[in-house]
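This report refers to the structure that appears directly beneath it.
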């Protein structure tokens, strides 16, 4: 469209506006409708928003009091956080329903609309509903709780929160991971914090020139001198395998679950120091070459 055509269109619109007769408008009727809308619809809208604002603050206080009450009763933190989310959402929905009716929104019509679109909504929310159900399963079966260190097929970390749909993990390098509850409730996982004690299993290799009894004595001394190692159950030290170039010794030491990594790292360091002090040789990979002339 060129400039001349644009000017013609603008002229037509201007002419049409000039032909409108505003003298026939009923200003009194228009003013009455405006007053009616202000006193009815707008007033209800403002009142409803005020009730929602005050109601949400009251709900927040109710939920906080519930949390404090459950904490005093020594209820598990996992259940407290889950109930916190569930009660908060439930009370807010219960508050909004009468407000919508006060605004003149037919709830029966909304229910009919939801029912007619139930299949589509169900398909769209299939994953969310599965996660929601998974949250209940986790609370009932209790495979883990807040504060436990767990490992899934892909991730590992400390459970910070079990929400309605997702479980929040904190990795050892301080990364936050959200895992759907449906995956956790239907998949395999390892809970390293489930039991009070854990066992550290380590293997140490020495050369065949060393005395077996002397090696076992050094390993026992290292274990007995470590304060994190439990004496009951009794630690085990023994020959694990006769490898091609070494004798492999295994040690199995029990400790508190929280001390597992500390004890493991300490034993790795202290055994090496003990071997050096007692002149126990550690074999190194080697290869013999025979050259034919």
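Does region 216-226 include one or more residues that are surrounded by fewer than 12 Cβ atoms within 10 Å (Cβ to Cβ) and out of contact with any strand residue (DSSP E or B) (no Cβ under 6 Å at 6 or more places or on another chain)?
Pass one, region 216-226, residues surrounded by fewer than 12 Cβ atoms within 10 Å (Cβ to Cβ): 224-225.
Next, from what is left, pick out any that are out of contact with any strand residue (DSSP E or B) (no Cβ under 6 Å at 6 or more places or on another chain): 224-225.
Yes: one or more hits.
Among the residues in region 187-195, are any under 12 Å from the mean Cα position of the chain (by Cα) and either surrounded by 15 or more Cβ atoms within 10 Å (Cβ to Cβ) or outside the structural domain of residue 247 (by TED's automatic domain parsing) (or both)? Let's see the steps before the verdict.
If we filter region 187-195 for residues that are under 12 Å from the mean Cα position of the chain (by Cα), which is where we start, we get none.
No: region 187-195 contains no residue that is under 12 Å from the mean Cα position of the chain (by Cα) and either surrounded by 15 or more Cβ atoms within 10 Å (Cβ to Cβ) or outside the structural domain of residue 247 (by TED's automatic domain parsing) (or both).
Check every one of the strands (runs of 3 or more DSSP E) wholly within region 166-270 and list those with 1 or more residues that are closer than 30 Å to residue 82 by Cβ and without any contact (Cβ under 8 Å) to a residue 60 or more places away in the chain. Before the answer, list the steps.
On the way: elements: 166-170, 176-180, 197-206, 236-243, 246-256.
Passing ranges, in order: 166-170, 176-180.
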Exercise. Quick check, is residue 280 touching a helix residue (DSSP H, G or I) at 6+ places or on another chain (Cβ under 7 Å), surrounded by 15 or more Cβ atoms within 10 Å (Cβ to Cβ), touching a residue at least 60 places away in the same chain (Cβ under 8 Å) and more than 27 Å from residue 152 (Cβ to Cβ)?
Worked result: yes
Seminar exercise, completed: Scanning region 43-71 for residues that are surrounded by 14 or more Cβ atoms within 10 Å (Cβ to Cβ) and more than 20 Å from residue 97 (Cα to Cα) gives 66, 67, 70
Exercise. Any residue at all in region 141-156 that is assigned to a helix (DSSP H, G or I), in contact with a helix residue (DSSP H, G or I) (Cβ under 9 Å, 6 or more places away or on another chain) and over 20 Å from residue 257 (Cβ atoms)?
Worked result: yes
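The values are calculated or read from the model by the stated rules, or taken from the named source; none is laboratory data. Just so we're clear, the structure is a prediction, and the values are computed from it rather than from any experiment. Here the Cβ is made from the backbone with ideal geometry for all residues, glycine too, and neighbour counts use every protein chain on show.
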